[in-house]
1. Condition (residue is surrounded by 15 or more Cβ atoms within 10 Å (Cβ to Cβ), modelled with pLDDT under 90 and either in the same structural domain as residue 18 (by TED's automatic domain parsing) or part of a helix (DSSP H, G or I) (or both)) applied to the stretch 146-168: is it met by at least one residue?
2. Take the residues of the stretch 36-45 that are farther than 15 Å from residue 111 by Cβ and within 19 Å of the chain's Cα centre (by Cα): which is surrounded by the fewest Cβ atoms within 10 Å (Cβ to Cβ)?
3. Take the residues of the stretch 175-196 that are surrounded by 20 or more Cβ atoms within 10 Å (Cβ to Cβ) and in a helix (DSSP H, G or I): which is nearest to the chain's Cα centre (by Cα)?
4. Looking at residue 114, is it at pLDDT 85 or above and crowded, with 17+ Cβ neighbours inside 10 Å?
């Protein structure tokens, strides 16, 4: 086809990453793989991944590792993956020159993509604490976290109240809890639900 624009290789890299993560969720969030892709996307010198909780601030990286000496100079762009009052996770990308408005707009789009991928990976990845919850079990749990009753959840999801209770029983068993409040708190600590 004459005059057709070729696809942007960087966009294809992000599509490949998203497809890989959705098709086969890894046992662990691939922070380094994403960090290196962010370095290429933004023409950056380094990238780190931060996890903030009430008790700790953990930093992974920098990537690429050989650029440790230059990582603190220049401008930084923070890309939140999960932002909640009691726990947040974000990539921080750094480079010598300032990030443009276009870079920041791209960053906002990537935050949405990475947040969705993170939730999907964490909801389906095997864990030492519990079996992965099914999408329906997660939906019931999320609505329960909003304070809805079983009847309200059933109406919202077009399922019977009895089916809601069955999903809750399986969710409790998988999470190793016996009540709604414990299920919601456990799911929030595990990153399956946002902390409100």
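1. no
2. Within the stretch 36-45, the subset farther than 15 Å from residue 111 by Cβ is 36, 39-40, 43-45.
Cutting the leftovers down to within 19 Å of the chain's Cα centre (by Cα) gives us 36, 39.
Numbers: 36: 15, 39: 22.
Going through the qualifying residues, I end up with 36.
3. Step by step, filter the stretch 175-196, then rank; the result is 187.
4. Numbers: at pLDDT 85 or above: yes; crowded, with 17+ Cβ neighbours inside 10 Å: yes.
When the stated conditions are applied, residue 114 passes them.
One line per residue, one yes/no per condition, for (1) in a loop (DSSP other than H, G, I, E, B); (2) surrounded by 15 or more Cβ atoms within 10 Å (Cβ to Cβ); (3) at pLDDT below 70; (4) in contact with a strand residue (DSSP E or B) (Cβ under 9 Å, 6 or more places away or on another chain):
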residue	(1), (2), (3), (4)
6	yes, no, yes, no
13	no, no, no, no
17	no, yes, no, no
20	no, no, no, no
34	no, yes, no, yes
49	no, yes, no, yes
60	no, yes, no, yes
66	no, no, no, no
78	no, no, no, yes
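The values are calculated or read from the model by the stated rules, or taken from the named source; none is laboratory data. Predicted model, so just to flag it, every value in this text is computed and none were measured. Cβ: placed from backbone, ideal geometry, glycine included. Neighbour counts: every protein chain shown.
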